1. So which helices (runs of 4 or more DSSP H) are wholly in region 53-151 and hold at least 3 residues that are within 21 Å of the chain's Cα centre (by Cα) and over 30 Å from residue 187 (Cβ atoms)?
2. Can you give me the number of residues within region 172-197 that are assigned to a loop (DSSP other than H, G, I, E, B) and farther than 17 Å from residue 126 by Cβ?
3. Just checking, does region 101-108 include any residue being free of Cβ contacts under 8 Å to residues at least 40 places away in the same chain, closer than 21 Å to residue 210 by Cα and surrounded by 13 or more Cβ atoms within 10 Å (Cβ to Cβ)?
4. Among the numbered conditions (1) more than 16 Å from residue 177 (Cα to Cα); (2) surrounded by 14 or more Cβ atoms within 10 Å (Cβ to Cβ), tell me where residue 158 comes up short.
5. Sort out which residues of region 218-238 are without any contact (Cβ under 8 Å) to a residue 24 or more places away in the chain and more than 26 Å from residue 67 (Cα to Cα), and write them in order of number.
6. Quick one: residue 77 ticks every box in (1) in the same structural domain as residue 222 (by TED's automatic domain parsing); (2) over 27 Å from residue 210 (Cα atoms); (3) surrounded by 14 or more Cβ atoms within 10 Å (Cβ to Cβ) except a single one, so which number is it?
7. Please go through (1) within 22 Å of the chain's Cα centre (by Cα); (2) at pLDDT 90 or above; (3) surrounded by 14 or more Cβ atoms within 10 Å (Cβ to Cβ); (4) in a helix (DSSP H, G or I) for residue 200 and return the number of the only condition it doesn't satisfy.
């Protein structure tokens, strides 16, 4: 069964990512405190999802090859459970979209506070701000939450009232990134800020991206759902054929 093979390979991929992140002490080392999940390390999520998908794919492949109806039923039932959970998550995400937006805002602000604490986190934030052409959660002033960038009089940092270089608008003529381009950026009037840095927050920019690419995102989720339904139907048909042949003996 091709669908179960895909699940097995995806499971191996998730397991590989989880084990890599687990072994690399510097990678995502502070993610538990950043996400504020009560000590839960999201690396475990990769390990659990990878393990479940590998077992599911393995059961489907062996069940089809050995004509084992128990494994095929196991594959079909659990694939149906996963499909139901995905459907439930989609409905809940739509119903509680404001809560998700607040959690995303809270998550980004926590990351801003810990910007200098972990180099991998810093690179992730810089990549996000450069890719979405945004700064902070809802605006550049969110960087007041960071002890190096806040505008308080007691802050002696050279980066006071500034933003990271990833907030700066890009000059196509520049070959080398100016890492000091955000210095004193928030001391300027808002009109002048828009010339130097991105003033839109990452949450609104992400919402805009979702709206602009809604067809593609919906198509991906529908495609995944159809593959899962196809896998369930294929497994059930195979079980019926095997039981019919055995009944004729």
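The values are calculated or read from the model by the stated rules, or taken from the named source; none is laboratory data. Every value quoted in this text rests on a predicted model; they were computed, and no experiment measured them. All Cβ positions, even for glycine, are placed from backbone atoms using ideal geometry, and neighbour counts span all protein chains on display.
1. 69-95, 97-113
2. Qualifying residue count for the region: 6.
3. Yes, that holds for at least one residue.
4. Every listed condition holds for residue 158 apart from (2).
5. 218, 219, 220, 222, 223
6. All conditions pass for residue 77, except number (3).
7. Among (1) within 22 Å of the chain's Cα centre (by Cα); (2) at pLDDT 90 or above; (3) surrounded by 14 or more Cβ atoms within 10 Å (Cβ to Cβ); (4) in a helix (DSSP H, G or I), the lone unmet condition for residue 200 is (4).
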